[in-house]
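Visitor: This structure is in C-alpha cells; I'll ask about it shortly.
The values are calculated or read from the model by the stated rules, or taken from the named source; none is laboratory data. Keep in mind the model is a prediction, meaning the values are calculated, not measured. Ideal geometry is used to build each Cβ from the backbone, glycine not excepted, and the neighbour counts take in all protein chains shown. Note: accessible area is taken over every heavy atom of the protein model, side chains too, but ligands, DNA and RNA are not part of it. Shrake-Rupley method; radii C 1.70, N 1.55, O 1.52, S 1.80 Å.
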Amino acid sequence: MVKKRFTPKVLPVSERLRSFGEVVLGYDYETSVREASRCLRCPLWFAPCSKACPLRVKVPAFLEYIVKGDLEAAARKVYEDNLFPSITGRVCPQEWFCEGNCVVSKIGESVSVGLLERYVGDYARENGLDEKILAEMVSKNSGVKGRVAVVGSGPAGLSAAGWLRLRGYEVVVYEALHRPGGVLAYGIPEFRLPRSVLDHEIKKVENLGVEIRLNHVVGKTVLLSELLSEYDAVFIGSGAGTPKLLNIPGVDLNNIYTANEFLTRVNLMRAHLFPEWDTPISVGKTTLIIGGGNTAMDAARVALRLGSKPVVVYRRDREDMLKTTRRDEVLHAEEEGVEFKYYLQPIEFLGDENGFVKAVRFEVMEPLNELDERGKKKIVGTGRYVEIPADTVVIAIGLEPNRLLMEESGLRFNEDGTIAVDDHLMMSLPGVFAGGDAIRGESTVVEAMADGKRAAEEIDLYVRRKKGLA
Ligand SMILES: Cc1cc2nc3c(=O)[nH]c(=O)nc-3n(C[C@H](O)[C@H](O)[C@H](O)COP(=O)(O)OP(=O)(O)OC[C@H]3O[C@@H](n4cnc5c(N)ncnc54)[C@H](O)[C@@H]3O)c2cc1C
C-alpha cells in the first residue's frame with residue numbers, strides 16, 4: 001500500500017501574500033480515488049475514524065464509493081450524518097478526530113479523510129446533488145410536527161435547524177448579526193473557507209424551508225420568554241463570541257485590537273477593500289499577534305495579506321500550540337513567512353506621544369516538568385524581560401460566551417459563563433436546549449454541528465412527548 005498521503009494542490013506562497021483566494025485547492029478526481037484507495041476498509045462497527053468523528057460520518061463506507069467512482073453514492077453516505085461536508089472538509093482539525101485515529105497511521109500517514117470529504121461535498125454542491133439529496137430526505141416527512149426557534153446561525157444553529165427541518169419541524173433562526181454563519185462568516189477568513197461555499201451551505205438550509213431572521217438579538221430585540229410562548233422548543237447556539245481581554249497597562253492604546261474586531265472588520269465588513277467598502281482598518285508595518293490558537297493564526301495570516309509583517313507571540317512552545325491549534329493553519333502560517341516567538345508573556349503595552357502602540361514588553365517564561373489539564377506544559381516567569389517593537393497588536397487569547405441571555409432569562413449558567421445543560425442538552429428551563437460553544441466554551445465547528453444534530457433528536461423527542469405522540 002502507498003504509505004504517504006497524496007498532497008492536495010495549494011496556491012503558491014507568492015500568490016497568497018496579497019490575495020484572499022483559497023489556499024488549499026483540494027484534490028482532483030484521480031487523486032481522490034488514489035487517496036481513498038489507501039483506506040484499509042475497517043468494518044463500520046470497528047472503524048476508529050468514524051467513532052472519533054463527532055458527527056459519526058461513516059468514513060470507510062463513503063471512501064469505498066469514491067474508489068468505485070460512484071460519487072453520488074459517496075455524497076449520500078456522507079449526508080446521512082453530515083449536512084455540511086464542504087465546510088467540515090475544510091476547517092475540521094481532522095488530526096484530533098478521524099485522521100488522528102486512522103488505522104493506516106500505524107504503518108504510514110493517515111488517510112486524508114478531510115480532503116476526501118471536501119471533495120465529495122464540493123462535487124455534490126457543484127452538481128446540484130446536495131439539494132437533490134436533501135429534498136429527498138425532507139420529503140420523507142409528512143405534515144408539520146411542531147415549531148422550533150433557533151438562536152444563532154453558526155455551525156450549531158445551522159446544523160440544528162437543518163436536522164430539525166429533516167425531522168419535519170418548522171424552524172426560524174434568530175441571528176444577531178446582519179449576516180448568517182457565526183464564526184464561519186466573521187472569524188474564519190476567506191482563504192480558508194470561501195464565501196461562495198459558505199453562502200451556498202447557508203442557502204441550502206434556507207432552501208430546506210428554514211427561515212433566518214437577521215438583526216435579531218435574542219434577549220433584546222426579542223425575548224427568550226416570547227420565543228417560548230410562540231414555539232414548541234428553543235435551541236440556543238449563541239456561541240462564545242466575547243473576547244477575553246488582557247488586563248495589563250497600555251491595553252487602551254490605539255492600534256490594539258481584539259482578534260474578534262480585527263477579523264470581523266476584514267471578514268464581515270470587508271475592510272481590506274476600503275474605501276470601496278465603508279469599514280477601514282489601520283495596520284502598521286509590524287503586527288504582533290498575542291496567542292497561539294486558530295484565531296491567532298487567522299489574524300496573523302490576515303495581517304500578512306494586509307501588507308503587515310506578522311509576529312505571533314505565544315507563552316508556550318510550538319509543540320503545545322499544536323495541541324489546540326489546527327496543524328495546517330500553523331504550517332501554512334509558517335510557510336507564508338509569519339514569524340513565531342515562544343515562551344513570552346505580555347506584561348505591558350508601550351505607546352508613543354500620540355497614544356499609538358509602539359512596543360510590547362514581555363516576561364520570558366520557562367516550562368516546568370508538570371502538565372496542566374489540557375496536557376500542556378505548565379510555565380513560570382523567569383524575571384527576565386524583552387521588548388518587541390510593533391505598531392499594531394492583535395490580542396487572540398480566547399473567547400467566552402456572552403452573558404446577554406443570562407441577564408434576560410435567569411437561566412442556570414456555569415461559572416465560566418457557559419450554559420449549563422443536562423444529558424439531553426436541555427437547560428434548566430424546560431423546552432430550552434443548547435449546544436456548540438455556548439455550552440462548551442471555545443471548541444470546534446464539527447462539535448458544534450454534532451451538538452446541533454443531537455439537539456434536533458432530543459427536541460423531537462421532547463416535543464412529541466409533550467404532544468402525547470411518543
Ligand atoms: C477566528 C476563529 C477561527 C476558528 N477556526 C476554527 C477551525 O479552523 N476549525 C474549527 O473546528 N473551529 C475553529 N474555530 C472554532 C469554531 O469556529 C467554533 O467552535 C464554532 O464556530 C462554534 O459554533 P457555534 O455555532 O456554537 O457558535 P458561533 O459560530 O459563535 O455562532 C454563534 C452565532 O450566534 C449569534 N448570537 C450570539 N448571541 C445571540 C443572541 N443573543 N441572539 C441572536 N444571535 C446570537 C452570533 O452572532 C453568531 O452568529 C475558530 C474560531 C475562531 C474565533
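Visitor: Of the residues that sit in the stretch 192-249 and are on the phi > 0 side of the Ramachandran plot and open to solvent by 30 Å² or more (accessible area, probe 1.4 Å), which one is nearest to the ligand (Cβ to nearest atom)? Walk me through it before giving the result.
Guide: First, pick out the residues of the stretch 192-249 that are on the phi > 0 side of the Ramachandran plot: 209, 215, 219, 239.
Now restrict to residues that are open to solvent by 30 Å² or more (accessible area, probe 1.4 Å): 209, 215.
Working: 209: 20, 215: 9 Å.
Across the stretch 192-249, the extreme among qualifying residues is 215.
Visitor: Which residue out of 149, 156 is on the phi < 0 side of the Ramachandran plot, in a helix (DSSP H, G or I), surrounded by 24 or more Cβ atoms within 10 Å (Cβ to Cβ) and at pLDDT 95 or above?
Guide: Among 149, 156, only 156 is on the phi < 0 side of the Ramachandran plot, in a helix (DSSP H, G or I), surrounded by 24 or more Cβ atoms within 10 Å (Cβ to Cβ) and at pLDDT 95 or above.
Visitor: Additional query: I'd like the residue in the stretch 320-372 that is of a type in the set (Lys, Arg) and in a helix (DSSP H, G or I) and, out of all such residues, is farthest from the ligand (Cβ to nearest atom).
Guide: 323
Visitor: Within the stretch 53-73, does at least one residue satisfy the condition of being under 24 Å from residue 154 (Cα atoms) and in a helix (DSSP H, G or I)?
Guide: No - not one qualifying residue is present in the stretch 53-73.
Visitor: Next question. Among the candidates 412, 440, single out the residue that is within 11 Å of the ligand (Cβ to nearest atom), charged (D, E, K, R) and not assigned by the TED database to the domain that holds residue 314.
Guide: One residue alone meets the criteria, 440.
Visitor: On the given criteria, is residue 255 open to solvent by less than 30 Å² (accessible area, probe 1.4 Å) and not aromatic (Phe, Trp, Tyr)?
Guide: When the stated conditions are applied, residue 255 passes them.
Visitor: Turning to a different aspect of this structure: In the stretch 273-298, how many residues are within 16 Å of the ligand (Cβ to nearest atom) and assigned to a helix (DSSP H, G or I)?
Guide: Going through the stretch 273-298 one residue at a time, the tally reaches 5.
Visitor: Failed condition for residue 250, given (1) part of a helix (DSSP H, G or I); (2) touching a residue at least 40 places away in the same chain (Cβ under 8 Å); (3) small (Gly, Ala, Ser), with all others met?
Guide: (1) is the only condition that residue 250 fails.
Visitor: While we're looking at this one, here's another question. Looking at the stretch 199-223, which of its residues are part of a helix (DSSP H, G or I) and either outside the structural domain of residue 181 (by the TED database) or over 27 Å from residue 405 (Cα atoms) (or both)?
Guide: Scanning the stretch 199-223 gives 199, 200, 201, 203, 204, 207.
Visitor: If you don't mind, there's one more thing I want to ask. Of these, 417, 468, which one is within 13 Å of the ligand (Cβ to nearest atom), part of a loop (DSSP other than H, G, I, E, B) and either surrounded by fewer than 18 Cβ atoms within 10 Å (Cβ to Cβ) or modelled with pLDDT of 95 or more (or both)?
Guide: The conditions single out 417.
Visitor: Still on this model: Of everything in the stretch 428-443 that's over 12 Å from residue 416 (Cβ atoms) and under 13 Å from the mean Cα position of the chain (by Cα), which residue is modelled with the highest pLDDT?
Guide: 436
Visitor: Let me ask something else about it. Please go through the stretch 273-286 and pick out each residue that is touching a Lys or Arg at 6+ places or on another chain (Cβ under 7 Å) and not charged (D, E, K, R).
Guide: Of everything in the stretch 273-286, those that are touching a Lys or Arg at 6+ places or on another chain (Cβ under 7 Å) and not charged (D, E, K, R) turn out to be 277, 279, 281, 286.
Visitor: Out of (1) basic (Lys, Arg); (2) outside the structural domain of residue 218 (by the TED database); (3) closer than 30 Å to residue 465 by Cβ, the odd one out for residue 167 is which?
Guide: (2)
Visitor: Does the stretch 264-272 contain at least one residue that is over 19 Å from residue 398 (Cβ atoms), within 14 Å of the ligand (Cβ to nearest atom), in a helix (DSSP H, G or I) and in contact with a helix residue (DSSP H, G or I) (Cβ under 8 Å, 6 or more places away or on another chain)?
Guide: Yes, the stretch 264-272 contains a residue that is over 19 Å from residue 398 (Cβ atoms), within 14 Å of the ligand (Cβ to nearest atom), in a helix (DSSP H, G or I) and in contact with a helix residue (DSSP H, G or I) (Cβ under 8 Å, 6 or more places away or on another chain).
Visitor: Right, next: Among the numbered criteria (1) in a loop (DSSP other than H, G, I, E, B); (2) in contact with a His (Cβ under 9 Å, 6 or more places away or on another chain), which one does residue 301 miss?
Guide: So residue 301 meets the others, but not (1).
Visitor: From 42, 49, grab the single residue that is modelled with pLDDT of 95 or more and in a loop (DSSP other than H, G, I, E, B).
Guide: One residue alone meets the criteria, 42.
Visitor: Further question on the same structure: Give me a count of the residues in the stretch 125-137 that are farther than 16 Å from residue 201 by Cβ and open to solvent by less than 70 Å² (accessible area, probe 1.4 Å).
Guide: Result for the stretch 125-137: 0.
Visitor: Within the stretch 301-319, how many residues turn out to be within 16 Å of the ligand (Cβ to nearest atom) and either assigned by the TED database to the domain that holds residue 19 or touching a residue at least 60 places away in the same chain (Cβ under 8 Å) (or both)? Show your work before the answer.
Guide: Residues of the stretch 301-319 that are within 16 Å of the ligand (Cβ to nearest atom), as a first pass: 301-306, 310, 312, 314.
Of the ones still in play, those that are also either assigned by the TED database to the domain that holds residue 19 or touching a residue at least 60 places away in the same chain (Cβ under 8 Å) (or both) are 301-305.
Number satisfying all stated conditions: 5.
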